[in-house]
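Every number here is computed from the coordinates shown, using simple stated rules; none is lab data. Just so we're clear, the structure is a prediction, and the values are computed from it rather than from any experiment. Here the Cβ is made from the backbone with ideal geometry for all residues, glycine too, and neighbour counts use every protein chain on show.
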Amino acid sequence: MKNLTYILTASTALLLPFAALSEEAPATEQTAEETIAKASSLTANIKRLAFEYMEHTVTNKNDKNYPDTYNANEERSIGGVFDGNITYDAAKLVWVNGLMMKYNKTKTTEDGKTSENEKDDEILLYTDYTHKVWQLEHGIVGPFAYLGYETEFTDFDLVDDNGKKHSYRTKILRGKTGIKLYDGKYFKQLYVAVVEEDDMTYHNDNMKTGGEIGYEFNYPFNENTAFISEGFYRHFFEYSKREDTDFKYKLELNNRVETKLTGDLYLAPFYNYELAETRGAHKSRAQSTMGISLTYNKSFDL
């Protein structure tokens, strides 16, 4: 927790001088166009409310040192996604407060018997502050600070060496600070950051330090169809405790083509790819997911 406090304190110290400059800037006469450009806005955004059908393929599936979400080989699943936020956009800052939730179940048939298991179970609550320093032709660049809490809807079970079952639930407090391109022409986000995690999943504090790069890309083919890609690569360098299922690194890429059906309703075939290696694993594991989703997107002025 100490390292997480350091990173958040450092990010605050990094942002305060820019905030002070923006507050102390001398008042000047503005044209009507400049006044409109600098006006603040508050919006509620449903980035993605989706119902999904998926098929998964996993490599290196027999290694036990991976979370359940990396074990869905040759399985089909049906699930849902909610990704939304409230965004405050002003002359010198962008402040986003969001909630992302995922849940899906797999359905498998072996020897004529069909079984169902939950596979993707995630809740992420976060706040993300970006200070506008450099104004580009398309977008802005500046330092940012992020704090998020990751958990899940239900517990998962692990069996210890003595055969006793224990129940756990993901509980991760994650802080980031770095530099970000925001709201570019095609890159809606592009960032590099230092990451500090406090992983409390196994009833203790496991502090992890690493680095991360991430992006959100949106390329419109026409007014009704767009290619959307989101992803990150996170690599850890330091841990305070030893857990075999801790990730050394994780790469996640989510790609889809959204085509408008009617109003704010879209049909989106997608392909997701995950590559990771845990501390207890002998080699990496990759998971490919192909599917199709029915998606609702909408923004509201507040």
Item to check | Lys185-Lys241 pseudo-label distance in nm [points 7 Å out on the Cα-to-Cβ vector] | outcome: 4.9 nm
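Using the number of other C-beta atoms within 10 angstrom as an exposure proxy, rank His138, His235 with the fewest first. Numbers along the way, then the final one.
On the way: His138 11, His235 14.
Going from sparsest to densest Cβ surroundings: His138, His235.
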Checklist entry - In nm, to one decimal, how far is the modelled label at Lys260 from the one at Glu223, with both set 7 Å along Cα→Cβ? => result 0.7 nm
Checklist outcome for this item: By the C-alpha gyration tensor axes a ≥ b ≥ c (rounded if a/c is under 1.5, else prolate when a/b exceeds b/c, else oblate), the shape of segment 116-201 is prolate
Checklist entry - Tell me, Leu136, Leu275 in order of fewest to most beta-carbon neighbours within 10 Å? => result Leu136, Leu275
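Dividing the convex hull volume of the alpha carbon atoms of segment 254-302 by its residue count, what do you get in Å³ per residue? Spell out each step's value before the answer.
Details: hull volume 4.9 nm³, N = 49.
For segment 254-302, the hull spanned by Cα atoms encloses 100 Å³ per residue.
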Item to check | Percent RCO, i.e. relative contact order, over segment 222-302, from Cα pairs under 8 Å lying at least 6 residues apart | outcome: 27 percent
Checklist outcome for this item: Taking 0.36 nm per residue of separation between Thr170 and Ser41 and subtracting their Cα-Cα distance, the length gained on full extension comes to 43.0 nm
Item to check | Charge dipole (segment 190-267, unit charges on Cβ, about Cα centre) - positive-most of Phe227, Tyr191, Phe217 | outcome: Phe227
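For segment 172-302, what is the charge dipole size about the Cα centre, in debye to the nearest 20, if Lys and Arg each add +1 at the Cβ and Asp and Glu each add -1 at the Cβ? Before the final figure, lay out the partial values.
On the way: 17 positive and 20 negative charges, 61 e Å.
Dipole size: approximately 300 debye.
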Item to check | Residue-span extension gain [Tyr215 to His282] - 0.36 nm each, minus C-alpha spacing | outcome: 21.2 nm
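Rounded to whole Å and sorted largest first, what semi-axes of the equivalent ellipsoid does the C-alpha gyration tensor of segment 191-302 yield via the square root of 5 times each eigenvalue?
Working: eigenvalues 239, 54, 34 Å².
Computed over segment 191-302, the values are 35, 16, 13 Å.
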Next on the checklist: Between His203 and Lys105, what's the calculated FRET efficiency when r is the beta-carbon distance and R0 is 25 Å? Round to 0.05.
Outcome noted: 0.40
Item to check | Extension gain (nm, one decimal) between Ile292 and Asp157, 0.36 nm per residue minus Cα-Cα | outcome: 45.6 nm
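How large, in Å, is segment 165-232 by the Kirkwood hydrodynamic radius built from its alpha-carbon pairs?
Numbers: mean 1/r = 0.0694 Å⁻¹.
Final number for the Kirkwood radius of segment 165-232 is 14.4 Å.
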